[in-house]
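The values are calculated or read from the model by the stated rules, or taken from the named source; none is laboratory data. From a predicted model like this one, the values you see are computed outputs, not experimental measurements. For neighbour counting, all protein chains shown are included, and Cβ atoms are generated from backbone atoms with ideal geometry for every residue, glycine included.
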């Protein structure tokens, strides 16, 4: 009995250590990537990566005009209207199902990343590309669709993974967030650097949020 308990504790400790290492590595990588992109865009004023990304998407679009309405459809799933609904109805549904902590995490993932995105856009104040295929108001860096979309779908993916259910769906959710970001470049409403920076900032917010919520859980347990 003791050996079985010890083996379980060792396995749990190993899993937690691996999780901390992976999450910590993603956090550091995302932070370095974001600040590297700010130097590329605002210090070096390099457009090499942006031009390459636009050329790639233009080459993809030229012989396939039918892809444009498809891109517009996909990009809707990280639009302001959709995110407001998802950020309210999603947590309400989780709360109704009895997942109180998960509901709070999803709400804060969407609401917090939205506020964080606006603060970053106001700070960097980068104008959108003049070659946009659709009208899109607001500033450009980092992409809100990429950042908030990563926060929303990344949070849902993590919740599914955490409950050991539907790991394939968790992977598909992350891929969906990446695809939404690519549609922003395809439609020329964001520079590629905006989108990559949005992905990085979305991951940063998710990791910071989860760390903060974990600390609150630990404190609540200690007070009991």
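Could you figure out which of (1) in a loop (DSSP other than H, G, I, E, B); (2) modelled with pLDDT of 95 or more isn't true of residue 152?
(1)
Whether any residue in the stretch 90-106 is loosely packed, with under 13 Cβ neighbours inside 10 Å and part of a loop (DSSP other than H, G, I, E, B) is what I want to check.
Yes, the stretch 90-106 has at least one match.
Pairs needed: first member in the stretch 33-53, at negative phi; second member anywhere, surrounded by fewer than 14 Cβ atoms within 10 Å (Cβ to Cβ); C-beta distance under 7 Å; at least 6 residues apart or different chains.
40/46
Out of (1) touching a helix residue (DSSP H, G or I) at 6+ places or on another chain (Cβ under 7 Å); (2) within 23 Å of residue 155 (Cβ to Cβ), the odd one out for residue 96 is which?
Of the numbered conditions (1) touching a helix residue (DSSP H, G or I) at 6+ places or on another chain (Cβ under 7 Å); (2) within 23 Å of residue 155 (Cβ to Cβ), the odd one out for residue 96 is (1).
Might you let me know whether the stretch 19-27 holds any residue that is exposed (fewer than 12 other Cβ atoms within 10 Å of the Cβ) and modelled with pLDDT of 90 or more?
no
Out of curiosity, is residue 132 out of contact with any helix residue (DSSP H, G or I) (no Cβ under 8 Å at 6 or more places or on another chain) and touching a residue at least 40 places away in the same chain (Cβ under 8 Å)? Give the derivation first.
On the way: out of contact with any helix residue (DSSP H, G or I) (no Cβ under 8 Å at 6 or more places or on another chain): yes; touching a residue at least 40 places away in the same chain (Cβ under 8 Å): yes.
Spelling it out, residue 132 is indeed out of contact with any helix residue (DSSP H, G or I) (no Cβ under 8 Å at 6 or more places or on another chain) and touching a residue at least 40 places away in the same chain (Cβ under 8 Å).
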